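The block underneath contains the structure these notes are about, expressed in structure tokens.
The values are calculated or read from the model by the stated rules, or taken from the named source; none is laboratory data. Remember, it's a predicted structure, so these values are computed and weren't measured experimentally. Counting neighbours? That spans all protein chains shown, and the Cβs are built from the backbone with ideal geometry, glycine included. Just the protein is used for accessible areas: all its heavy atoms, side chains included, with ligands, DNA and RNA removed. Shrake-Rupley method; radii C 1.70, N 1.55, O 1.52, S 1.80 Å.
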Amino acid sequence: AIAKVDVNDPVRPTPAITLGQESVEFGEIPVGYNKSVTVPAMIKNTGNAPLTITAINLSPSDFTLSNAPAVPFDIAPGADQSLVVVATPTTKGPVNGTMTIRSNATGKPQVTVALSANYVMRYTHNSSQSFGLIETGKSVEKCVTLTNSSAQEITVDQVTVTGLNAAEF
């Protein structure tokens with residue numbers, strides 16, 4: 001069998017970086033919402049010297065971190081750092097990204113984590129509603145129809161009226 005063996009010289013202190021997981025999958029996220037995933041022990045120092053994390057970059061901007069310490073930061077030998085990764089929808093459909101972590105680790109100073117999410121619209125509705133001509137001081141009621149276009153039950157927890165004179169509605 002083939003095996004990869006890393007040998008750490010106990011006399012020569014060297015930091016080593018290991019990922020707690022190599023990918024973060026967010027699943028479906030309704031447009032207008034975001035989703036956080038906590039990854040315990042995402043960055044591990046498997047070496048025998050302090051590991052200095054010099055940069056954590058996420059791409060595209062749909063992905064961010066919510067709790068990462070300011071870089072640079074150190075991780076002691078045998079210790080780890082958890083991260084909370086956040087996906088925030090910008091457009092409908094699948095999106096893939098990467099989180100690149102740079103460090104002072106010998107041998108492998110940069111590691112990459114794959115990120116993926118699917119932004120879905122679970123309902124459809126008309127983009128506009130005409131009220132016609134209305135006499136000043138009078139009101140007209142109109143129904144707006146939302147159609148659940150998914151296989152899941154949905155709950156409408158907020159409605160926003162936008163456009164010219166939105167405050168009139």
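Please enumerate the residues belonging to the stretch 117-155 that are of a type in the set (A, V, I, L, M, F, W, C) and in contact (Cβ under 8 Å) with a residue 24 or more places away in the chain.
Passing the criteria: ALA117, VAL120, MET121, ILE154.
Could you grab me the full set of residues in the stretch 70-92 that are out of contact with any Ser or Thr (no Cβ under 9 Å at 6 or more places or on another chain) and hydroxyl-bearing (Ser, Thr, Tyr)?
Once the filter is applied, which keeps residues that are out of contact with any Ser or Thr (no Cβ under 9 Å at 6 or more places or on another chain) and hydroxyl-bearing (Ser, Thr, Tyr), the stretch 70-92 yields only THR91.
Looking at the stretch 103-121, which of its residues are open to solvent by less than 80 Å² (accessible area, probe 1.4 Å), in a loop (DSSP other than H, G, I, E, B) and either closer than 30 Å to VAL159 by Cα or of a type in the set (D, E, K, R) (or both)?
So in the stretch 103-121, the residues open to solvent by less than 80 Å² (accessible area, probe 1.4 Å) come out as 103-106, 109, 111-121.
Filter once more, so that each one left must be in a loop (DSSP other than H, G, I, E, B): 104-106, 109, 121.
Result: MET121, single match.
From the list ILE56, ILE75, which one is open to solvent by 20 Å² or more (accessible area, probe 1.4 Å), over 30 Å from GLN158 (Cα atoms) and of a type in the set (Val, Ile, Thr)?
So the residue among ILE56, ILE75 that is open to solvent by 20 Å² or more (accessible area, probe 1.4 Å), over 30 Å from GLN158 (Cα atoms) and of a type in the set (Val, Ile, Thr) is ILE56.
If you check THR100, THR124, which single one turns out to be at pLDDT below 95, on the phi < 0 side of the Ramachandran plot and either open to solvent by 20 Å² or more (accessible area, probe 1.4 Å) or not charged (D, E, K, R) (or both)?
Sole residue among the options that is at pLDDT below 95, on the phi < 0 side of the Ramachandran plot and either open to solvent by 20 Å² or more (accessible area, probe 1.4 Å) or not charged (D, E, K, R) (or both): THR124.
Residue-by-condition table, conditions (1) touching an Asp or Glu at 6+ places or on another chain (Cβ under 9 Å); (2) surrounded by 13 or more Cβ atoms within 10 Å (Cβ to Cβ):
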residue	(1), (2)
ILE17	no, yes
GLU22	no, no
VAL31	no, yes
PRO40	yes, no
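Within the group PRO40, PRO15, PRO69, PRO77, which residue is free of Cβ contacts under 8 Å to residues at least 24 places away in the same chain and touching a strand residue (DSSP E or B) at 6+ places or on another chain (Cβ under 8 Å)?
Only one candidate qualifies: PRO69.
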